[in-house]
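The values are calculated or read from the model by the stated rules, or taken from the named source; none is laboratory data. Source: prediction; values computed, not measured. For neighbour counting, all protein chains shown are included, and Cβ atoms are generated from backbone atoms with ideal geometry for every residue, glycine included. These area figures cover heavy atoms from the full protein model, side chains too; ligands, DNA and RNA do not enter into them. Shrake-Rupley method; radii C 1.70, N 1.55, O 1.52, S 1.80 Å.
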Amino acid sequence: MKNQLKILIGLLIIALIVWFLVLNQRPGRILETDFLDVGQGDAVLIKTPKGQTVLVDGGPNNKVLEKLGKYLQPLQKRIDLIILTHPHADHVSGLIEVLRRYSVGLVILNGVYLKTDNYDQFLNAIEDNKVKVLIAEAGEAIHFDKDLEFDILSPNKNPAGLAFNKNSESFGTAGNDVNDTSIVGKLIFNDFSIMFMGDATSRIENRLLASYGSSLKSDILKAGHHGSKYSSFTNFLGAVAPKAGIIEVGAKNFYGLPSQAALSRFKMFGANIFRTDQNGDIRVLSDGFTADIYKEK
Ligand SMILES: [Zn+2]
């Protein structure tokens, strides 16, 4: 009888330990990055494990509002941070209405002024809503948590004061390309990372290679300039060594993007390619060590 009691107490203790372990098992901290299908343009929503919300670009129109409605909690009217990679319409236009409808904590800009109606409206919306603005500069980092940050790798020096006119800027010529003033950054969550290229071309890729070398290595690469042939060159892909390349591009777009050249360079490095024109919204979930990619279609 005494032995039976001992066994019973022993079993009870084991049961309590098991329950203690079960109850203490918290869900893992998950970083969510949604590459939104907003047509021909870029818009990426990041939700940190702490619940901070970040929007990198806003796409060419108000489609981004529909996506935010879909992916944020119904009463979530707060965007903690907006990063506008550069002031082209396919990145900035959707942000105008976002600034009017959401409470935005901070906007980070590349410091380049582009004379267009869209960009002027965007700047007015910032002013009307009294949103704080910072100008990005390589070497700075945004710290979301002790193990989560966004490192700014480009533009190299503050291009504030650089002004462009939509009629005078010419793509592909040295020194006069708004795309190459894009904010380029690496989102790092423990061992996991995503490189955001904006619309930067190989000229910037080469500069990044010279400055950062092997530390460019990232699990996922948001391809520069919608998969154009002027971006994602082999030397750069070799250093980044992405397991997946994500291309934000509109179906049947006027520019014929993404280019076959960029696609085959990604394939050469064995990277899986995800495209918003074919896959819809692309969601990346990471616990800081591994990541899963989900396609809408
Ligand atoms: Zn673009």
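Residues with beta-carbon under 10 Å from that of Leu263, excluding Leu263: net charge, scoring Lys, Arg +1 and Asp, Glu -1? The partial results should precede the final answer.
Details: positive: Lys229, Arg265, Lys267, Arg275; negative: none.
Summing Lys/Arg as +1 and Asp/Glu as -1 gives +4.
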Can you give me the % of accessible surface on the stretch 119-271 that is carbon or sulfur? Probe 1.4 Å, all protein chains present, nothing else counted. 52 percent
Per residue, accessible area of the stretch 20-117 with a 1.4 Å probe, heavy atoms of protein chains only, in Å², comes to 41 Å²
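Using the Cα atoms as the points, what is the convex hull volume per residue of the stretch 253-297 in Å³? Spell out each step's value before the answer.
Numbers: hull volume 4.0 nm³, N = 45.
Each residue corresponds to 89 Å³ of Cα convex hull volume.
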Rounded to whole Å and sorted largest first, list the principal axis extents of the Cα atoms in the stretch 79-136. 25, 22, 17
Pairing the Cα long axis of helix 2-24 with the longest principal axis of the chain, what angle in degrees results, from 0 to 90 and rounded to the nearest 10? 10 degrees
Heavy-atom accessible area ranking, 1.4 Å probe, most first, across Lys297, Lys157: Lys157, Lys297
Keeping every protein chain present and rolling a 1.4 Å probe, give me the accessible area per residue for the stretch 246-297 in Å². 55 Å²
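Whole number in Å², please: accessible area per residue of the stretch 181-244, 1.4 Å probe, ligands, DNA and RNA not counted. All intermediate terms of the calculation are to be shown ahead of the outcome.
On the way: 1930 Å² over 64 residues.
Per residue, the stretch 181-244 has 30 Å² of solvent-accessible surface.
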Any idea what angle helix 89-101 forms with the longest principal axis of the chain, computed on alpha-carbon atoms, 0 to 90 degrees, nearest 10? 60 degrees
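Using only the Cα atoms of the stretch 112-268, construct the convex hull and provide its projected area averaged over every direction, in square nanometres to one decimal. Spell out each step's value before the answer.
On the way: hull surface 41.8 nm².
Computed as one quarter of the Cα hull surface, the answer is 10.5 nm².
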From the backbone phi of the stretch 269-284, what are the Karplus-calculated ³J(HN,Hα) couplings (6.51 cos²θ - 1.76 cosθ + 1.60, θ = phi - 60°) in whole Hz, Gly and Pro given as x? 9, x, 7, 6, 10, 10, 9, 5, 5, 9, 9, x, 5, 10, 10, 10
Give me the percent of the accessible area of the stretch 52-99 that comes from carbon and sulfur atoms, probe 1.4 Å, all protein chains in place. 53 percent
Taking N as the residue count of the chain, its alpha carbon Rg divided by 2.2 N^0.38 Å gives 1.15
Compute the relative contact order of the stretch 17-140 as a whole-number percentage, counting only Cα pairs closer than 8 Å that sit 6 or more residues apart in sequence. 19 percent
